[in-house]
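No lab work stands behind these numbers, since they all come straight from the coordinates. Every value quoted in this text rests on a predicted model; they were computed, and no experiment measured them. Note that we place each Cβ from the backbone using ideal geometry, even for glycine, and neighbour counts take in every protein chain shown.
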Amino acid sequence: MDNFDGRVRVEPLFAATGDIRASAAYVTFEPGARSAWHTHPAGQRLVVISGVGRTQEWGKPVQEIRPGDVIVCPPGVKHWHGAAPTIAMTHLAVTGSVDGKTVQWMEKVSDDQYNAR
């Protein structure tokens, strides 16, 4: 997948409709895998299901995330998320939709950005 580094599996649960303008999927990142930088026009919520991950908003420090954590990705805020270097991570992603659009993909996360603490 061009929008990810490493092995990532996306398991869609439901699509956005006119009644509920959000979609959901389980996303599993193998160790070290991560998304590219991106934004969501209507925001996104991530619920960590298993493993250990990392996430970062543009201009803020990298955060470690663990099962039960709920990450709020506000509309239009540039961010990325993925697994820790040696542990896989699965999260439930609930993503809002605006005019059928859910995400704007950007550049890949560099190794230096991923490893920053």
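Tell me which residues, restricted to the stretch 49-91, are among the charged types (D, E, K, R), within 20 Å of Ala25 (Cα to Cα) and not in a loop (DSSP other than H, G, I, E, B). Within the stretch 49-91, Arg54 is the sole residue that qualifies.
Here the stretch 49-86 is the region considered, the condition is being farther than 20 Å from Thr102 by Cβ, touching a Lys or Arg at 6+ places or on another chain (Cβ under 9 Å) and among the β-branched types (Val, Ile, Thr), and the residue that is surrounded by the fewest Cβ atoms within 10 Å (Cβ to Cβ) is Val62. Scan the stretch 77-117 for residues that are charged (D, E, K, R) and in contact with a strand residue (DSSP E or B) (Cβ under 8 Å, 6 or more places away or on another chain) and the total you get is 2.
Residues that are surrounded by 12 or more Cβ atoms within 10 Å (Cβ to Cβ) and closer than 14 Å to Thr55 by Cα within the stretch 93-114 comprise Ala93, Lys108, Val109, Gln113, Tyr114, listed in sequence order. Within the stretch 2-42, track down each residue that is closer than 15 Å to Val98 by Cβ and either part of a strand (DSSP E or B) or under 11 Å from the mean Cα position of the chain (by Cα) (or both). Ala22, Ser23, His38, Thr39, His40, listed by residue number.
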